[in-house]
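Report on the structure given below.
The values are calculated or read from the model by the stated rules, or taken from the named source; none is laboratory data. Just so it is clear, the model here is predicted, and its values are computed rather than measured. Cβ placement follows ideal geometry from the backbone for every residue including glycine, while neighbour counts extend to all protein chains displayed.
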Amino acid sequence: MTQPLSDPVDIVRAFLSRMEILDHDGAAPLLAADVAYINPPPIGAVRGPAGVRAVLEPFFAPTLENEFRVLRQAADGPRVLVERLDRHRLADRWVELPVTGVFEVHDGRITYWRDYFDAATILSQWPSAQAGGETGA
C-alpha cells in the first residue's frame, strides 16, 4: 500500500502531475472539500473539487496533450509557490502559458489554489475563445 503524501510540495506536484494527464478523478482526492480555486478575470473563483472540475474539464476538452513544466518552486510551511510553463497541444499547434500558482496545503489536501497568468494570452489562442465561446484556465 502506498504511503499517503504529507509534504505540501509533494502534494502539489502530485496534483499537477495528475492534472497534466487530465486525471480529474485521481487529482480530486488531493483537494479539500472546500478548496478555493481562483483565476484572473474573466474566469474568476470556484469552490470545491466539483467547482475545479467544472472550470478545468471544459477548458482542457480541446487538448490532445498537456505539459506542466515546473520552472521554480518555493515552500514556506503549508504554502507552495510554483512557477511553471503550461503547454497544451491542440489539433494544430502547441499553446504555451506562463503561470505562477500559489497553493496552501492543510491536512494533506490543497485548500487554496490561485493561478496568476495573463488571461488574454491564453484566451486569444484558445479554440473556443476564438469562436466566441466561454473558457476557463
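Odds and ends about this structure:
- Note on the stretch 60-110: among residues that are basic (Lys, Arg) and surrounded by 18 or more Cβ atoms within 10 Å (Cβ to Cβ), the one that is farthest from Ala27 (Cα to Cα) is Arg84.
- Hits in the stretch 34-53 - residues which are surrounded by fewer than 15 Cβ atoms within 10 Å (Cβ to Cβ) and either among the β-branched types (Val, Ile, Thr) or touching a helix residue (DSSP H, G or I) at 6+ places or on another chain (Cβ under 9 Å) (or both): Asp34, Pro41, Pro42, Gly44, Ala45, Ala50
- For the stretch 35-45, the criterion of being without any contact (Cβ under 8 Å) to a residue 24 or more places away in the chain and at negative phi is met by at least one residue.
- The set of residues in the stretch 69-85 that are touching a residue at least 40 places away in the same chain (Cβ under 8 Å) and in contact with a strand residue (DSSP E or B) (Cβ under 8 Å, 6 or more places away or on another chain) comprises Val70, Gln73, Ala75, Pro78, Arg79, Val80, Val82, Arg84.
- Selection count, the stretch 1-27, where residues are of a type in the set (Gly, Ala, Ser), modelled with pLDDT of 95 or more and surrounded by fewer than 19 Cβ atoms within 10 Å (Cβ to Cβ): 3
- Single residue of the stretch 111-130 satisfying the filter (of a type in the set (Gly, Ala, Ser) and either part of a strand (DSSP E or B) or without any contact (Cβ under 8 Å) to a residue 24 or more places away in the chain (or both)) that is surrounded by the most Cβ atoms within 10 Å (Cβ to Cβ): Ala129
- Taking the criterion of being touching a Leu at 6+ places or on another chain (Cβ under 7 Å) and more than 21 Å from Ile11 (Cα to Cα), the residues of the stretch 38-63 that qualify are Phe60, Pro62, Thr63.
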